[in-house]
Each structure stands twice: as C-alpha cells, then as structure tokens.
Amino acid sequence: MSVFNYICHRRPERSFFYKGHQFPVCARCTGFYISGIACIILFKYFPLPYNLTTMLIGIILLIPSAIDGTTQLFEMRESNNTLRFITGILGGIGLIMVYEMIFNFIALNLI
C-alpha cells in the first residue's frame, strides 16, 4: 500500500495517466499539490498582505473545488478531469492563502 492511498482516493477514472501509468493522486489532488507547492515557494519571495481581504480571497478560491466535489459526491452531476484539475489549482492557491493567514495570526499573537 502506497502513502498516496492515505491522501487521495486514487480512482483511475478520476486520475491522469502518463505513458500508461496512473498519477499517484487524482486530477483534483494533482491541481491542489502543484499549486500549493508553487504558492508556498512564491509566497516566500512575495509575501501576502496580512488582512481579512486575503483570507476572504483564499476562501472564495476554495469554493469551486468544494462545489465540484460535493455535487459529484451526491451524484448530482459528473465532473471531468480537466474541471477537477482546474478546481484543484484554485483550491490549492486558496488553501495556502488561508493557511498563511492562520499561521500569521498565530505567530503575531504569540509574540
């Protein structure tokens, strides 16, 4: 059993394949991880402003992924890997923005 089994469902129909090999995580998680890692690196050199607007933008960027995932979960519609990947990218950016604001809040209030 792979460590990836604990962080993603890895369903083949919801995953990308390259040269016949399935990605270690699904399309949405691929978007989350790619954009999350890119944002961590980017925000190190270009820090986000610490304010409520940044937090709200982060939350708004998480909404498309939540809607896409929830509507699939309740079988209201079937998404596709392109949409999953795009909502994953937006969600990854939003998640890191929210984390940054939470960590800044904790750090500023512990000093």
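The values are calculated or read from the model by the stated rules, or taken from the named source; none is laboratory data. Every value quoted in this text rests on a predicted model; they were computed, and no experiment measured them. Don't worry about glycine lacking a Cβ; one is built from the backbone with ideal geometry, like all the others, and counts go over all protein chains shown. Accessible surface is based on the protein model in full, side chains and every heavy atom, while ligands, DNA and RNA are left aside. Shrake-Rupley method; radii C 1.70, N 1.55, O 1.52, S 1.80 Å.
Of the numbered conditions (1) touching a Ser or Thr at 6+ places or on another chain (Cβ under 9 Å); (2) among the hydrophobic types (A, V, I, L, M, F, W, C); (3) part of a helix (DSSP H, G or I), MET55 fails exactly one; give the number of that condition. Single failed check for MET55: (1). Summed over segment 14-29, the residues that are aliphatic (A, V, I, L, M) and outside any loop (DSSP other than H, G, I, E, B) give a count of 1. Test PHE46 against the criterion of being open to solvent by less than 60 Å² (accessible area, probe 1.4 Å), on the phi < 0 side of the Ramachandran plot and not charged (D, E, K, R), and give yes or no. Judged against the criteria, PHE46 is not a match.
Summed over segment 57-70, the residues that are open to solvent by less than 90 Å² (accessible area, probe 1.4 Å) and either modelled with pLDDT under 95 or out of contact with any helix residue (DSSP H, G or I) (no Cβ under 7 Å at 6 or more places or on another chain) (or both) give a count of 4.
Per-residue answers, yes or no, for (1) touching a residue at least 24 places away in the same chain (Cβ under 8 Å); (2) under 20 Å from ILE34 (Cβ atoms); (3) not small (Gly, Ala, Ser):
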{"site": "TYR50", "(1), (2), (3)": "yes, no, yes"}
{"site": "LEU56", "(1), (2), (3)": "no, no, yes"}
{"site": "ILE67", "(1), (2), (3)": "no, no, yes"}
{"site": "GLY94", "(1), (2), (3)": "yes, yes, no"}
{"site": "MET97", "(1), (2), (3)": "yes, yes, yes"}
{"site": "ILE102", "(1), (2), (3)": "no, no, yes"}
{"site": "LEU110", "(1), (2), (3)": "no, no, yes"}
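Within segment 1-41, if we keep just the residues that are at pLDDT 90 or above and among the aliphatic types (A, V, I, L, M), the residue that is surrounded by the most Cβ atoms within 10 Å (Cβ to Cβ) turns out to be ALA27.
Which ones in segment 71-91 are open to solvent by less than 30 Å² (accessible area, probe 1.4 Å) and in a helix (DSSP H, G or I)? Quick ask: steps written out before the conclusion?
Step one: of segment 71-91, the residues open to solvent by less than 30 Å² (accessible area, probe 1.4 Å) are 71-72, 79, 84, 87-88, 91.
Matches in segment 71-91: THR71, GLN72, ARG84, THR87, GLY88, GLY91.
With respect to the stated conditions, ASN80 is without any contact (Cβ under 8 Å) to a residue 40 or more places away in the chain, out of contact with any Cys (no Cβ under 9 Å at 6 or more places or on another chain) and within 18 Å of CYS8 (Cβ to Cβ). Looking at THR82, THR87, just one residue is touching an Asp or Glu at 6+ places or on another chain (Cβ under 9 Å) and of a type in the set (Val, Ile, Thr), and that residue is THR87.
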